[in-house]
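Student: Pasting a structure here, questions to come.
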Amino acid sequence: MLTKPSPSDWVKAARFYDTEVEETEYVPLARFIREERRALREIVGSLGPDLLVLEFGSGTGRVLLDLISHPRVGQKIGLAIGIDISPSMIAAAREKRDIYRGRNFQKIVFLHLNALAASAVFGGRKIDLASVSRANGNGPELVRAEGRIVPRCKRVVISALNTIGVFDPRRKSAYLREMIRSAGIGGTIVVSSFDRTAFARYAGELYRSVPAIIEYTGTISPFMRNETAELSKPGYYSRWYDHFDLISTLKELGCSEISSRKLAPLGNIILARSKST
Ligand SMILES: C[S@@+](CC[C@H](N)C(=O)[O-])C[C@H]1O[C@@H](n2cnc3c(N)ncnc32)[C@H](O)[C@@H]1O
């Protein structure tokens, strides 16, 4: 049974998100999430060892915690960094990580988008991480991260559960460009997203306007506050990418070795290699 968090209780609000996602009774979404988790484990497991895994829009850390705590996949990861714009999501992710404290838990950090100021985290340079740490008053968290970044390690940058779908269409390319830049030369980009055609066909009723979400959860993230007007427009989801748009945008941005697999029935997971020169 879901409980409604009070607007000020952000950690609960973010937990509410987990319940909603992980325990959804909505069959198409449940299947998508199950298959996405399996695919991400497979992909990351096949790319390691010594991977630097970045997740853009890591939310409550569902995906990264799943990867890092998996016995075989977790050991392929040198460091996992989740970045999000919502402080409540970051707080919930850190709390979950600290409660978990299991295998490999020291190899995972969650940072607010501000910290990325430092193109730093994304550049993967130790010195920048240290300065980000001071600037954000998050010393211990980032100091732990520092030193674990292997300068020449392989990178994989993940966007999971349709995070790209929450962006204004005008900003989607910028988001992908940032993923590619962060993946570094020859890095891997993994985008899991709903396909607008499949979504409309199988799960149109899952779409909820932002005011409806706020009424339901009693809270609103800073991201949503800025984007409310845009997201609330009827038919917003119909402007999500379809599979072919996403692939051609990645090609235009210079990615190679692009492949995709269907996550039944709502969307796809697309794998691309960033520029190798
Ligand atoms: C659909 S949720 C997915 C969360 C997570 N990837 C998962 O699989 O559970 C989208 C997340 O992206 C975050 N987000 C939205 N805009 C962002 C931005 N510009 N930069 C970083 N994170 C952002 C939101 O706060 C939210 O946590």
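The values are calculated or read from the model by the stated rules, or taken from the named source; none is laboratory data. All values reported here derive from a predicted model rather than from experimental measurement. Counting neighbours? That spans all protein chains shown, and the Cβs are built from the backbone with ideal geometry, glycine included.
Student: Being touching an Asp or Glu at 6+ places or on another chain (Cβ under 7 Å) and more than 6 Å from the ligand (Cβ to nearest atom) is the filter here; which residues of the range 61-82 pass it?
Tutor: L64, G78, G82
Student: Would you check if K76 is surrounded by 16 or more Cβ atoms within 10 Å (Cβ to Cβ), modelled with pLDDT of 85 or more, under 21 Å from the mean Cα position of the chain (by Cα) and farther than 25 Å from V166 by Cβ?
Tutor: In short, yes.
Student: Here is a further query. Kindly state which helices (runs of 4 or more DSSP H) lie completely within the range 160-255 and contain at least 2 residues that are modelled with pLDDT under 70.
Tutor: Counting at least 2 such residues, we get 210-217, 222-232.
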